[in-house]
Amino acid sequence: MKSTTRGTLAALVTGVAAAVGAAAAATPAAAVGTVPLPVPLGGAESALGMELPRVGGELPLPTAGSPEGPRFAEGRLLPAGAVPRLPVEGGLPGLDVRAPLAHALGDGFDHVGVSTPASGLRAVSPGLTADGPLTGPRAGHAGLPDLKQPQLGLLTPALRTVPGADMVAGPGL
């Protein structure tokens, strides 16, 4: 095996080991619903001889819930929610960026940072409700149904989240 191939393979194994180590060192809250995404800039810092921004993020994992079952209502031939709405839990991705400043805002400010934590997201897919052109059996008509207008309805999708962000400037990186 050539030395360049060995060097490339060693760099690849080192990168994979760093990614696995970062995932294992994640906090329990982040390990449940998000995957950390570190951006390693340490090698570029030492190669360029300057301090670079710290960048990282979180990618939430969506999970599907269970749909509601059909609901039978009095006076309807078909159950409500013919095509049920499917709830999906997930989140908006998070980002954390800290960049060095050369005392641009005064002596006490060495960095500026923007942080947007991963926030929860709950979505419900659209659904469909329908009712046929017949009513249920009527006691006054010898148990025969009556005619009525058919009904078709669309259950709207829903999206609920509360995103947030913080911007800070202070000493240290």
Please tell me if Gly75 is within 21 Å of Gly170 (Cβ to Cβ), in a loop (DSSP other than H, G, I, E, B) and either of a type in the set (Gly, Ala, Ser) or modelled with pLDDT under 65 (or both).
no
Would you confirm whether or not the range 74-85 contains a residue that is surrounded by fewer than 14 Cβ atoms within 10 Å (Cβ to Cβ), among the acidic types (Asp, Glu) and either under 22 Å from the mean Cα position of the chain (by Cα) or more than 23 Å from Pro163 (Cα to Cα) (or both)?
yes
Name the single residue that is surrounded by the fewest Cβ atoms within 10 Å (Cβ to Cβ) among those in the range 50-61 being at pLDDT 80 or above and outside any strand (DSSP E or B).
Leu61
Select, from Ala118, Ala102, the only residue that is among the aliphatic types (A, V, I, L, M) and touching a residue at least 60 places away in the same chain (Cβ under 8 Å).
Ala118
Tell me which residues, restricted to the range 136-173, are in contact (Cβ under 8 Å) with a residue 60 or more places away in the chain and not small (Gly, Ala, Ser).
Pro145, Leu155, Pro157, Thr161, Pro163, Pro171, Leu173
For the range 116-132, which residues satisfy the criterion of being in contact with a Ser or Thr (Cβ under 9 Å, 6 or more places away or on another chain), of a type in the set (A, V, I, L, M) and more than 11 Å from Pro157 (Cα to Cα)?
Ala118, Leu121
Any residue at all in the range 124-134 that is in contact (Cβ under 8 Å) with a residue 24 or more places away in the chain, more than 19 Å from Ser66 (Cβ to Cβ) and crowded, with 16+ Cβ neighbours inside 10 Å?
yes
Asp96 of a type outside the set (A, V, I, L, M, F, W, C) and at pLDDT below 80:
no
Which of the residues that make up the range 136-173 are among the small types (Gly, Ala, Ser), more than 25 Å from Ala82 (Cα to Cα) and in contact with a strand residue (DSSP E or B) (Cβ under 6 Å, 6 or more places away or on another chain)?
Ala165, Ala169
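Got a number for residues in the range 109-166 being of a type in the set (Val, Ile, Thr) and over 30 Å from Glu74 (Cα atoms)?
So the answer is 5.
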Is there any pair with a first residue in the range 60-72 that is over 23 Å from Val35 (Cα atoms) and a second that is not in a loop (DSSP other than H, G, I, E, B) whose Cβ atoms are under 6 Å apart and which are 6 or more apart or on different chains, and what are they?
Arg71/Ala80
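For every residue, the table says whether it meets (1) over 35 Å from the mean Cα position of the chain (by Cα); (2) among the small types (Gly, Ala, Ser).
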site: Gly113; (1), (2): no, yes
site: Pro117; (1), (2): no, no
site: Pro126; (1), (2): no, no
site: Gly132; (1), (2): yes, yes
site: Ala142; (1), (2): yes, yes
site: Pro145; (1), (2): yes, no
site: Pro150; (1), (2): yes, no
site: Gly153; (1), (2): no, yes
site: Ala158; (1), (2): no, yes
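The values are calculated or read from the model by the stated rules, or taken from the named source; none is laboratory data. Keep in mind it's a predicted model, so treat the numbers as computed, not measured. We place every Cβ from the backbone using ideal geometry, glycine too, and count neighbours over all the protein chains shown.
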